[in-house]
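The values are calculated or read from the model by the stated rules, or taken from the named source; none is laboratory data. If you're wondering where the values come from, they're calculated on a predicted model, not measured in any experiment. Cβ sites come from the backbone with ideal geometry, for glycine too, and all protein chains shown count toward neighbours. Just so you know, the surface numbers come from the protein's heavy atoms only, side chains and all, with ligands and any DNA or RNA stripped out. Shrake-Rupley method; radii C 1.70, N 1.55, O 1.52, S 1.80 Å.
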Amino acid sequence: MSKRAASNDDAPIAKRIRIDDGNQTAPLADKRAWAILEQFLTTDMTYAQMEEALSSYLGNRYSPNDWKESRDALFSGDGDDDLALTNLRAVMAKHIHPVSAPNDSSLAKRRSSSTRVQSSRRPAKVSKNYMIPIPSFAKLPH
């Protein structure tokens, strides 16, 4: 299903207050928020549903102005959702940086250090308190 920008000039924009409480992920760095935008391009989700899902998920961290560039990217394909998705991911990359893979030498160091840790462990102690079964036919002195 291709997404095209609709003329909705008469619709009022919801006003929201952004409160930064310091211990939450910045909205534009939140991978789940971007997943909602991607869902809009890859499913039959409507724009209104996407806006509602995004504002509900982000709560007081949502500010429409923060997401202007990403909303523009949603309709940048002019009916080509694959192009719009590529453009959206380019905008997302500005805010969410992929975790870089460690270089080979640091990985080798971690492997060798973990090997040393494993080899320096002592074997588990074996209990020397063995039980010796007594045959039931044996008679014990009274």
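If you check Leu85 against the conditions, is it out of contact with any Cys (no Cβ under 7 Å at 6 or more places or on another chain), on the phi < 0 side of the Ramachandran plot, of a type in the set (A, V, I, L, M) and at pLDDT 95 or above? For Leu85, the condition - out of contact with any Cys (no Cβ under 7 Å at 6 or more places or on another chain), on the phi < 0 side of the Ramachandran plot, of a type in the set (A, V, I, L, M) and at pLDDT 95 or above - is met. Residue count for region 61-70 satisfying the condition of being over 10 Å from Pro27 (Cα atoms) and out of contact with any Leu (no Cβ under 8 Å at 6 or more places or on another chain): 4.
Let's see how each residue does on (1) under 15 Å from Ala29 (Cα atoms); (2) among the aliphatic types (A, V, I, L, M); (3) at pLDDT 95 or above:
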| position | (1), (2), (3) |
| --- | --- |
| Ala53 | no, yes, yes |
| Ser56 | no, no, yes |
| Ala73 | no, yes, yes |
| Asp81 | no, no, no |
| His95 | yes, no, no |
| Ser112 | no, no, no |
| Ser120 | no, no, no |
| Lys125 | no, no, no |
| Pro141 | no, no, no |
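Taking region 52-83 on its own, how many of its residues are open to solvent by 10 Å² or more (accessible area, probe 1.4 Å) and of a type in the set (A, V, I, L, M)? Number of matching residues: 2.
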